[in-house]
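This report concerns only the one structure given below.
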Amino acid sequence: MTTTISREQWGSRFGYLMAVVGAMVGAGNIWRMPYVTGENGGGAFLIAYFLLLYLIAVPGLMGETSLGRHTRQGLIGTFRKLYGNSRLVGLGLVILIFNIVLMSYYSSIVGWSIYYAFHAVTGTFTQTNFDTAALWQAFSGNTALNVGMHSVAMLLVTSILLLGIKGGIERLAKWMMPILTIALIAIAIRGVTLPGAMAGLEFSFSPNWAYLTRGETWLAALGQALFSTGLGWGIALTYGSYLGRNDDIPLGGGIFTAIGNTSFGLLAIFAVFPIVFAFGISPSSGAELAFVALANAFGSMTGGYLWALLFFMGFFFANLTTAIAITEVGVTTYREERNTSRTKAVLTICGIIWLLGIPSAMNADILGYLDFVVGNWGLPLATFIIMIAIGWKFDAHRLRVLSLNRGADLYVPRIWELVVRYQIPAIMLGIMAYFLYTNLGQTPWKTVSGLALLTLMIPLCMWIMNRRHDTPQVATSTGDQSS
């Protein structure tokens with residue numbers, strides 16, 4: 001006999017939209033996009049990014065959200081509905097593992113943003129002759145402090161997830177995302193008024209056409225489109241599973257999400273590059289652009305305390321909403337698979353992530369290695385698996401008719417089926433092959449060991465799920481959630 005687990009729905013369309021945009025807007029937009037844009041020719045990169053975002057990421061997000069809404073299950077439950085008791089259900093477990101590993105080191109980045117938000121609140125960056133490079137070096141080298149910040153980050157994520165979909169995730173997103181928007185707009189307005197700031201906007205929006213002929217520019221743009229939207233991570237599927245039967249997916253889970261993602265990326269550029277050029281900072285400073293260069297610039301600006309506070313609190317908000325979304329994938333799946341309370345699921349998944357994240361918090365090389373493996377092959381493989389499930393196993397045409405266009409104000413035409421069946425899977429295979437080709441000569445040990453782990457993990461996951469034929473199936477309903 002199985003117990004029915006009641007299933008929440010989003011309290012409002014606005015709440016869902018804020019939650020899903022919050023899930024996508026994280027370090028990928030506030031931190032990564034400005035410096036990746038700077039490294040790849042400014043406006044040329046933006047052209048490539050926008051094209052790939054709307055031609056690849058948006059159709060994929062629509063499909064992933066539609067599949068979640070149709071099955072009303074988490075990752076493994078969705079794959080079980082598609083594949084029955086086949087070993088291929090293990091592919092859902094593969095994606096879940098990628099998701100948990102990703103969160104295990106992303107929590108360290110959330111911890112960094114907490115640390116810098118704290119220093120912004122206490123006015124550290126506006127102290128006379130303060131050395132931001134020394135602060136970053138001291139923080140990076142302090143193992144105990146990094147583990148502590150990782151622990152604080154996971155404690156915050158756990159606390160919010162314990163409150164549920166409506167009471168926790170949606171409520172948080174409904175006030176954090178507007179605050180983040182206001183903060184970025186305020187910094188952007190201040191930035192463009194600085195002497196020399198127009199050079200930053202000219203750099204951002206004047207394309208260097210030569211960069212559009214470089215394969216690296218397009219690959220970086222594709223990576224940014226995928227990284228910043230979270231396509232294939234299971235987030236869109238999980239959040240979609242809490243939608244009502246007639247909620248609009250093409251506009252909400254697709255176009256609006258992309259517009260929100262694009263808007264925050266552009267706001268980050270408006271906020272960052274005018275300050276970068278006004279203070280003579282290299283636009284391709286990499287990861288230290290935010291933690292060293294910008295932190296130093298804020299200290300030299302009139303009203304620097306306010307601008308540092310707005311930027312680093314906004315950065316923290318963006319990272320936190322993304323971390324919550326990533327973790328919810330595991331929580332939803334574990335709760336359904338183990339037929340247990342939300343409280344137990346949250347504590348279990350967050351506990352696992354906290355333990356797995358300690359090595360990354362202690363050693364930046366471990367964080368870099370995991371990001372190398374997951375970023376180069378794990379996430380493209382996860383996207384490939386989900387698109388094959390959507391396009392071929394479920395059937396893209398059937399999903400478009402039964403779920404995607406159901407209750408939609410924006411009708412999705414048949415060409416969408418070709419994109420999710422052929423275009424996105426082919427691109428994911430191409431990405432993985434390219435990274436294999438380029439990294440094998442440059443970092444052979446990391447490449448071979450990473451691929452070996454993936455090669456062992458996939459059949460192991462299939463074997464594990466094949467051993468669980470007797471797992472009780474969990475019935476779901478659309479009532480309020482019980483714990």
message: For a quick check of understanding: with a 1.4 angstrom probe and all protein chains in place, what accessible area in square angstrom does residue 81 have, to the nearest ten?
response: 130
query: Among all helices in the chain defined by DSSP H, which have a length of 24 Å or more along the axis from Cα atoms plus a Kyte-Doolittle mean of at least -1.0?
result: 90-121, 143-161, 171-192, 257-278, 304-338, 342-362, 424-442, 444-466
query: To the nearest 10 square angstrom, what accessible area does residue 206 show with a 1.4 Å probe?
result: 60
message: Cβ neighbours within 10 Å, averaged per peptide: list 364-373, 382-391 in order, most packed at the top.
response: 382-391, 364-373
field: Per-selection Rg to Rh, segment 310-425 - Cα, Kirkwood hydrodynamic radius
entry: 1.06
message: Ranking request for peptides 208-217, 46-55, 307-316: highest mean number of other beta-carbon atoms within 10 Å first, then the rest in descending order.
response: 307-316, 46-55, 208-217
- request: Grab the other residues whose beta carbon is less than 15 angstrom from that of residue 245, score K and R as +1, D and E as -1, and report the net.
  value: +2
query: When the accessible area of segment 13-468 is computed with all protein chains present and a 1.4 Å probe, what percentage of it is carbon and sulfur?
result: 67
- line: Given 189-196, 161-168, the highest-first ranking by average Cβ count within 10 Å works out to 161-168, 189-196
Under-5 Å amide H pairs with residue 241, H placed in peptide plane, nonlocal only: 69
field: Computed magnitude of the charge dipole of segment 13-468 (debye, nearest 20; Cβ of K, R +1, Cβ of D, E -1)
entry: 1600
- prompt: At a Förster radius of 25 Å, what calculated FRET efficiency corresponds to the Cβ-Cβ distance of residue 438 and residue 140, to the nearest 0.05?
  reply: 0.40
For segment 194-232 versus segment 102-156, the gap between their alpha-carbon centres in whole angstrom: 27
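The values are calculated or read from the model by the stated rules, or taken from the named source; none is laboratory data. Being a predicted model, the structure only gives us computed values, none of them experimental. Here the Cβ is made from the backbone with ideal geometry for all residues, glycine too, and neighbour counts use every protein chain on show. All accessible areas refer to the heavy atoms of the entire protein, side chains included, with ligands and DNA or RNA removed. Shrake-Rupley method; radii C 1.70, N 1.55, O 1.52, S 1.80 Å.
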